[in-house]
1. Pairs K54/K488; K74/K111; K74/K190; K323/K361; K28/K353: which exceed 28 Å Cα-Cα?
2. Taking neighbour Cβ counts within 10 Å as the exposure measure, how do V508, V348 sort from fewest upward?
3. Give the residue list of trypsin sites (Lys or Arg not before Pro) in the range 466-544 that are DSSP loop and have at most 13 other beta-carbon atoms within 10 angstrom.
4. Which residues make up the longest stretch of the chain clear of GluC sites (Glu not before Pro) that lie in a DSSP loop with no more than 11 other Cβ atoms within 10 Å, not counting the sites?
5. Which trypsin sites (Lys or Arg not before Pro) in the range 86-151 sit in a loop by DSSP (not H, G, I, E or B) and have at most 12 other Cβ atoms within 10 Å of their own Cβ?
6. Return, for the Cα atoms of the range 184-304, the radius of gyration and Dmax in Å, separated by a comma.
7. Please state the charge dipole magnitude for the range 74-148, taken about the Cα centre, from unit charges on C-beta atoms (+1 on K and R, -1 on D and E), reported in debye and rounded to the nearest 20.
8. Could you list T480, T290 so that the one with the fewest beta carbons within 10 Å of its beta carbon is first and the one with the most is last?
Amino acid sequence: MYIPEEKVSEILNTSDIVDVISESVILKKSGRNFFGLCPFHSEKTPSFSVNANKQIFHCFGCSAGGNVFSYVMKYHAITFPEAAKMLARKYNITIETKQINPAKRKQLHLKESLFRLNKTVMAVYFDGLKNSKMGETARIYLERRGISNEVIELFKLGFSPDKWETIVQVLKEQKISKSVCEQSGLILEKKQKNGYYDRFRNRIMFPIFDINMQVAGFGGRVMDDAMPKYMNSPETPVYNKSRILYGLHAAKQFCRQEGFVYIVEGYFDFLSLYQHDIKNTVASLGTALTSDHVRILKGYAARMILVFDSDAAGISAAKRSIKIFMNEGVDTRILVLPQGHDPDSYVVKHGQKAFNELALKAKTIMQFLLQVAIDTHGLSVEGRIRILEDMKQHLILIQDSALRSLYVKELAETLNIDEKAVLEKVRELYLSHPEKKFILMDGKKQDDILESDRREEQIISLMLNYPEIIDEMKNKDVLTYFYSEKLKNLAQKILSVDPDKGAFITNVMAGMENTEDQELIASYAMDDFISEQDIRKTALSIIHRIIRVRKKRENTLTTKIISAEKGCDSDLMDLLKKKQAEIQQLHDQL
């Protein structure tokens, strides 16, 4: 989809990046910027910065950065046209689209068609529950489970009748194309290849909303002992299991209010808690939690409480999830309910107050793992050795050395083992598994990271933040003295943008050809290093320094090469020329 340039400008001028990012990241004002936990990588200390005046964001941890379009595209994993449409809807801007690439048109049309279809099917299921005679069994079932009419209405629960072609017929009536039907996940092709049948039959239906309140998929539960008990939509162009959590669209504001979120496994667990006024809750749809799930939740809550049954399956599910939360550096607690209870049954029997009081006793990850190990091995001499073997596997994954030290001390006291002996065991495992040692973000090693001349970066920062000094840079022709070809190219692109047009940084960013360059621009724009009043004086000082250093370095090398030539020292001459080439090559790579 081609978005007219004037509409792109209108969206940029109307939208507020702080407002947009605040929907998915908890931001706190600090100085001129807002800071929060980056949604794109694991971190405990906020390094994600948003500048309201410049309308840009930048993460000092993973280098993600850009304008409001960049954020929406990266966070929602969508294209530029989709991001533009999303922002236009938010700010009530009408977009009249122009010519579109056929492949992109097809992709966008498919997504829009699927969302419309899902909304239609949701209404069919909802009506089947509320008004059809066949839906009476489902109504009785939900009443017996204690689900109120208000919750049924709010989450649009429904019923899929025990028929093979209810939705197939709906698709025919709606004249939905074969391609959309097949990709919706709502129907399946018959083995004989002579038609289709409904995926969901004789089930309570749960529409699955994405964060934008659109129906992305469905879940269905039987009302008897038939298997499978639960069935969810397959992956589709609009339903991504690794990024959608059931109920988040309704719970997000309550998660922010409370500062933490309960994570349960099933639909009824979520609905029961929500109905009992525990609304800071989401459900994992019975699938394994992913890093994406956790990073999305980090935008709404600083603490996460995993709620599991006390049976073997519940304990196993908790253990499977723990590593993800540890890797993401989230304050995580584990709440294991009393024997024989799941969240639904516990809150129905004991109520909201008892559940919240129980949650106050939720264990930290290490406390939970230690208790599981004790329950498994006992506290005999042999049992304590096995517990230590189990626990050291988890301790080496803790990046915070102070936190690791506290857990080592707690483990030593619990097992009545000398703390030094515990530390030695952890250290042995740590050293014997180099792949577990934490390295820099994105797997980069320190030796692989090259830095350009800091002054060249400062020049770009000055150009972005103080475009009034750009003419001075042109007059001095400072770019010809840059060593870094990459920075020189960026600077030339900055020079091509009219500094008098307004929203200078945003316009510069719009002219970048790739995400990497946009992130660099965001980084340099955030780096407003000048504290002096005389900006021109500072700029001239840096310009002169760049020119002087470049000339001196080149003159020194040239002089040495000439001397080597006069002295007929071919080895030294070759060495100097090689060094000169290496310097240039080094900067060309930056």
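1. K74/K190; K28/K353, as the Cα separations exceed 28 Å there.
2. Working: V508 25, V348 17.
With the sparsest Cβ surroundings first, the list reads V348, V508.
3. Numbers: sites: K474, K476, K486, K488, K493, K501, R536, K537; in loops: K501.
Of the trypsin sites (Lys or Arg not before Pro), the ones in loops of the range 466-544 whose Cβ has at most 13 other Cβ atoms within 10 Å are K501.
4. Numbers: sites that count: E96, E451, E513, E532.
Longest stretch, sites excluded: 97-450.
5. In loop regions of the range 86-151 (DSSP not H, G, I, E or B), the sparsely surrounded trypsin sites (Lys or Arg not before Pro) are K133.
6. 15.6, 54
7. With Lys and Arg at +1 and Asp and Glu at -1, about 200 debye.
8. Placing the least packed residue first, the sequence is T480, T290.
Every number in this text was worked out from the coordinates using simple rules, so none of it is lab data. All values derive from a computational prediction rather than experimental measurement. Cβ sites come from the backbone with ideal geometry, for glycine too, and all protein chains shown count toward neighbours.
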